[in-house]
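In what follows, a single structure is set out as structure tokens and then discussed.
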Amino acid sequence: MIRALFARFHTAVYRLLRGRIVGSWGKAPVLLLTTRGRRTGRSRTTPVLYLEDGDAYAVVATNDGADAQPAWYLNLVANPEAEIELGADRIAVTAETAAAHERARLWLALRDLYPNYARDQSRATRELPVVLLKPAVAAPLDP
């Protein structure tokens with residue numbers, strides 16, 4: 001309950017200030033991730049820490065180390081099309097769970113960025129998924 005209220009507050013302040021001041025958590029940058037609810041179809045926005053990886057953004061589905069996946073991850077599994085906000089910029093993205101070799105490569109950098117990920121992984125009985133948010137490719141227009 002408190003986490004949900006904090007997320008709503010953080011989202012509102014992030015949008016108001018266009019990511020300034022609340023655009024990072026320690027040294028980890030924050031983006032807003034908007035997914036479509038898998039049951040309701042309604043838009044859901046969550047602030048998440050990210051790591052840039054080429055043109056993609058890597059995020060961890062941690063849920064503070066709980067055994068249940070975070071709702072935003074389940075929403076992305078059901079519908080990988082989403083939107084992120086980086087400061088004032090909105091970017092349509094497609095999500096994919098990182099393959100084992102990609103996860104291994106990214107995990108070290110993500111853990112360095114936010115050391116609590118190691119604590120979260122030790123709490124969970126599941127492997128915390130790393131999700132790559134890649135800019136969506138626009139469909140070509142028919143002539």
Kindly indicate whether any position in the range 63-70 is crowded, with 19+ Cβ neighbours inside 10 Å and in contact with a Phe, Trp or Tyr (Cβ under 7 Å, 6 or more places away or on another chain). no
Picked from the range 37-50 (must be touching a strand residue (DSSP E or B) at 6+ places or on another chain (Cβ under 7 Å) and farther than 15 Å from Glu96 by Cα), the residue surrounded by the fewest Cβ atoms within 10 Å (Cβ to Cβ) is Ser43
Using the structure shown, decide if Trp107 is crowded, with 16+ Cβ neighbours inside 10 Å, over 19 Å from Ala4 (Cα atoms) and of a type in the set (A, V, I, L, M, F, W, C). yes
For the range 72-96: of the residues being assigned to a strand (DSSP E or B) and in contact with a Ser or Thr (Cβ under 7 Å, 6 or more places away or on another chain), which is surrounded by the fewest Cβ atoms within 10 Å (Cβ to Cβ)? Glu81
From the list Ala98, Ala124, Ala58, which residue is within 15 Å of the chain's Cα centre (by Cα), farther than 13 Å from Leu31 by Cβ and of a type in the set (Gly, Ala, Ser)? Ala98
Given (1) assigned to a strand (DSSP E or B); (2) modelled with pLDDT of 95 or more; (3) among the polar types (S, T, N, Q), identify the lone condition not met by Gln69. (1)
What are the residues in the range 50-66 that are among the hydrophobic types (A, V, I, L, M, F, W, C), touching a helix residue (DSSP H, G or I) at 6+ places or on another chain (Cβ under 8 Å) and in a strand (DSSP E or B), if any? Leu51, Ala58, Val60
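The values are calculated or read from the model by the stated rules, or taken from the named source; none is laboratory data. Since we're looking at a predicted model, the values are computed, not measured. We place every Cβ from the backbone using ideal geometry, glycine too, and count neighbours over all the protein chains shown.
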